[in-house]
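These notes concern the structure reproduced below.
The values are calculated or read from the model by the stated rules, or taken from the named source; none is laboratory data. This is a predicted model, so every value here is computed, not measured. Cβ: placed from backbone, ideal geometry, glycine included. Neighbour counts: every protein chain shown. Keep in mind that these areas ignore ligands, DNA and RNA; they rest on the heavy atoms of the full protein, side chains included. Shrake-Rupley method; radii C 1.70, N 1.55, O 1.52, S 1.80 Å.
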Amino acid sequence: MPKRKATFRLYPNATEKAALEETLSLHCRVYNALLEEHRRRYEAGETTFSFQAMCKALTLWRECAKSLATLNAQGLQVTAKRAALAFEAFFRRVKKGETPGYPRFKSWKRFSGFGFKTHGDGWKLMQAHCALKRGGRCAGYEYGAVRLSGIGTVSMRGRAGFDGVPKTAEVMRRGDKWYLSVTFDVTENEIRRQGGRVSTAFDWGVTTLLTQVTGDALTGEIEKVENPRWLKKQLGKIVELQQGTSRLETAAKLASGKDRGFPVNARLERLYRRLRAVHGKIARQRHDFYHKLTAAMVARFGLIVTEELSVANMSRAPKPKKNEDGTYAPNGAAAKAGLNRSIQDAAPAGLIAKLRYKAADAGSKFNPIPTRKVKPSQRCCLCGATEKHELSVRRWTCKCGAEHDRDENAARTMLRYAYEGDWWNRKDGAGTVPAAAARAA
């Protein structure tokens, strides 16, 4: 059965907020203790501290520590699962030769939240009423409160855009706000979307967010979606706030003699809150825009083509250039840092993830093509010849005489590959591509 998530905003009172913070702190301490025990066992040559072993250890810890006994047992297992997955990812990266990234200990301020496994065991949604009707029946519910074990009945606001059975939940803290993310089991009919019949391919970019061709690869119209640049619009305010926090942090470090754990006064805490609020607003704007954009695309198109993007490689810092005398030559790191910030602001991975699952809900085909094979930014959509260009080159002329806009040509090349495969290798006796020649005529 498909699963879908809905996130609700919690509105705890002072007592409930203190209980939430205490519960979060305890789960953080458990997480750190599991990391420490895993490392101790590894260094001692003992058996691997698996998830099952963690659960057994938690049972013993709850018998010894009264504070842990007050926590939901299945909720502690969720925290143990997070620790186990962190080590699984660590060993997987080691095996692949990637940067290992050993699991880090976390302070309670950086610990994101805690979870529950079963609805009715430690948590329960309450005050449900229909908020969305479809075809004469209820298709979405709002919940006015949630009962959390050891915390109380917390008021909340939000809506699930489907009728589902609540299964698991996670309490999350984002800055000064608290949220409840609930996973529902839903039926296929509840998430079914109306898909379109038109084909499209789009090239993602920083200046223009999407450059897409619709219909035919060579003759279809080009449409563009401009990049809202949420971060750039708020960058001046962010710089001002960061400079203010930096000055106050430096003064606090000098006064206390501590680089970490220095006292935070009311003024510095106020700047922290303002900075979190700005970043939170940017994230919500991006989230809302991408949901609306991908929903509109899926409703219109039955085939959506784009290239496989590796955001990690795209936003990687350039390697240092070392001279023979031991000094370092300029490597463009400052300019690349600005480009990386723009890439992260546009968040292509988030766009693709939303587009992928919405297309699956509508029965549309989402087709990411292999970038290294097709090379859409370098290949002429007419003759198939490739020619490497710097990123700054936005228009170029192919050897066959065709003039191309870089992004438009990439979109046409991708759509043509989706229909014809590696068409540049299938040439007739005259040395032309039959499909391209016929359509161009």
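Positive end of the dipole of segment 268-313 (Cβ unit charges, origin at the Cα centre): among L268, V305, L293, the Cα lying farthest that way belongs to L268. Put simply, when 2-8, 126-132 are sorted by average Cβ atoms within 10 angstrom per residue, most first, you get 2-8, 126-132.
Subtracting the Cα-Cα distance from 0.36 nm times the residue separation, let me have the gained length for L132 to A277 in nm, one decimal.
Fully extending the segment from L132 to A277 adds 49.2 nm.
One way to sum up the overall shape of the chain is the equivalent ellipsoid from its Cα gyration tensor, whose semi-axes run 45, 31, 23 Å, largest first.
Find the Rg to Rh ratio for segment 103-206, where Rh is the Kirkwood radius over alpha-carbon pairs and Rg uses the same atoms. Could you put the intermediate results ahead of the total?
Working: Rg = 18.0 Å, Rh = 16.5 Å.
That ratio is 1.09, to two decimals.
Please figure out what share of the DSSP beta bridges in the chain is antiparallel and state it in percent, rounded to the nearest 5.
Numbers: 58 of 67 bridges.
So the antiparallel bridges amount to about 85 percent of the total.
The residues of the chain expose, per residue, 56 Å² of accessible area to a 1.4 Å probe.
Tell me, what is a quarter of the convex hull surface for the C-alpha atoms of segment 218-304, in nm² with one decimal?
About 8.8 nm², averaged over all directions.
I want the local charge near R267. Using Cβ-Cβ distances under 12 Å, sum +1 for each Lys or Arg and -1 for each Asp or Glu among the other residues. Computed value for this residue: +2. The heavy atoms of S181 offer some 10 square angstrom of accessible surface to a 1.4 angstrom probe. Split the accessible area of the chain by element, probe 1.4 Å, and carbon with sulfur accounts for 51%.
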